[in-house]
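What follows is a short report on a single structure.
The values are calculated or read from the model by the stated rules, or taken from the named source; none is laboratory data. This structure is a prediction, so every number in the text was calculated from the model and none was measured. Cβ placement follows ideal geometry from the backbone for every residue including glycine, while neighbour counts extend to all protein chains displayed. For accessibility, only protein heavy atoms count, side chains too; no ligands or nucleic acids. Shrake-Rupley method; radii C 1.70, N 1.55, O 1.52, S 1.80 Å.
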Amino acid sequence: MHSGWTEWTARSRNRIIFVSILSILFVFFIYHNMEDPEILQASPRMINFKPKPVFSQRIVHLDLKGAPPKPSFYEKFFPLLKEIGITSVLMEYEDMFPYWGKLSMLKTKNAYDSHTIAHIQNLAHKNSLEIIPLVQTFGHMEFVLKHLEFSSLREVPEKTDTICPSDENSIQLIHEMLAQIRQLHPNVSSIHIGADEAWNIAKDERCFQKLHKIFHNSEERLKLSHISRVAKYAKDELKFDRVYGWNDMFSSIDSKLLKEYDLGRLLVPVVWGYAPDVTIDGYFPYGMFQRYSQVYTFNV
Ligand SMILES: *[C@@H]1O[C@H](CO)[C@@H](O)[C@H](O)[C@H]1NC(C)=O
């Protein structure tokens with residue numbers, strides 16, 4: 001539990017730093033455009049000049065663990081996001097989602113209710129923002145696996161981060177979580193299934209046996225099998241048009257294997273990093289973008 005907590009706060013802190021850096025960049029950008037005398041003294045055509053954004057989608061990730069905003073906050077926050085050119089909000093509800101039935105213990109005391117979830121989507125719609133719910137389905141499942149009821153699904157008994165993908169009960173649990181998210185987001189077209197930093201894999205006896213018998217000792221196959229299976233459920237059963245996932249669990253895997261697990265159809269990889277300059281040689285595994293380009297066709 002303690003190490004789970006430390007990882008949790010470190011990750012939250014990193015996310016907060018990341019968002020803060022983004023905010024600073026945005027503030028600088030706005031200031032620069034408003035105050036630059038060259039722009040102000042330029043022709044009227046130039047004053048109205050708005051630079052074409054580099055990326056067609058600009059997504060803000062809200063990680064609600066720890067310090068979730070009050071529902072009323074979104075009324076001010078979403079118009080601001082719209083104003084600065086954001087197109088989508090990635091909502092990592094974690095324990096703030098009103099899970100019910102078998103999953104009711106997953107929601108925290110001050111979790112949003114279903115009306116709030118609908119209200120947030122309404123506000124997003126009014127501000128032309130797409131909502132993308134994020135549910136962790138591999139690593140970072142502390143908010144699920146910390147509960148005694150689900151502790152048997154931990155990959156390593158004393159660690160609450162990674163779920164055992166070889167246990168059918170894990171799959172049932174993940175399906176139920178995704179289905180409840182879908183039920184309260186009937187109109188969204190995309191979902192994010194997380195799946196970053198699932199470090200404790202093939203350590204439990206169940207996984208180890210499966211790794212040996214089914215996957216011929218390939219951890220890569222074990223990971224891809226789980227990720228693609230969850231993505232397939234989200235896409236084919238729950239009818240999400242687009243399924244995102246963090247990419248670090250398969251950033252070094254050969255493109256042949258990615259194709260074998262149909263990742264090109266099932267999952268959009270979200271490449272992530274916290275370094276100020278992610279283009280530094282060697283920051284991402286060597287050849288990663290080349291491998292992805294063999295699996296994905298990019299529309300630029
Ligand atoms: C989904 O769309 C329908 C039809 O436009 C609308 O009535 C409903 O409020 C929307 N639901 C949510 C949760 O956004």
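How many percent of Cα pairs in segment 52-293 exceed 25 Å? Could you put the intermediate results ahead of the total?
Working: 13016 of 29161 pairs.
Counting pairs separated by more than 25 Å, the tail of P(r) holds 45 percent.
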Taking 25 Å as the cut-off for C-alpha to C-alpha distance, list the pairs among Lys146/Lys259; Lys232/Lys259; Lys159/Lys232; Lys70/Lys109; Lys235/Lys259 that go past it. Lys146/Lys259; Lys159/Lys232
Simple spin-label estimate for His125/Gln294, 7 Å along Cα→Cβ, in nm, reads 4.4
Arg206 to Trp100: FRET efficiency via 1/(1 + (r/R0)^6), r the Cβ-Cβ distance, R0 22 Å, to the nearest 0.05? 0.20
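Starting from 0.36 nm per residue, how many nanometres of slack lie between Lys109 and Lys82 once their C-alpha separation is accounted for? Working shown, then result.
Numbers: separation 27, 0.36 × 27 = 9.72 nm, distance 3.07 nm.
Value of the extension gain: 6.7 nm.
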Segment 176-229 to segment 101-143: how many Å between their Cα centroids? 20
Net charge over other residues, Cβ less than 13 angstrom from the Cβ of Asn247 (K, R count +1; D, E count -1): -1
Take the Cα radius of gyration of segment 71-114 and divide it by 2.2 N^0.38 Å, with N its residue count; two decimals is plenty. 1.46
Could you pull the Rg and Dmax for segment 86-230, using just the Cα atoms, both in Å? 16.3, 52
What figure in square angstrom, to the nearest 10, would you give for the accessible area of Tyr283 with a 1.4 Å probe? 90
What is the distance, in nm, between label points placed 7 Å from the Cα along the Cα-to-Cβ direction at Lys259 and at Asp277? 3.5
Carbon + sulfur, % of accessible area of segment 52-293 - ligands and nucleic acids excluded, 1.4 Å: 54
Taking R0 as 30 Å, what's the FRET efficiency between Lys70 and Val156 from their Cβ-Cβ distance, rounded to 0.05? 0.25
Pair Lys52, Leu148: separation of 7 Å Cα→Cβ label points (nm): 6.1
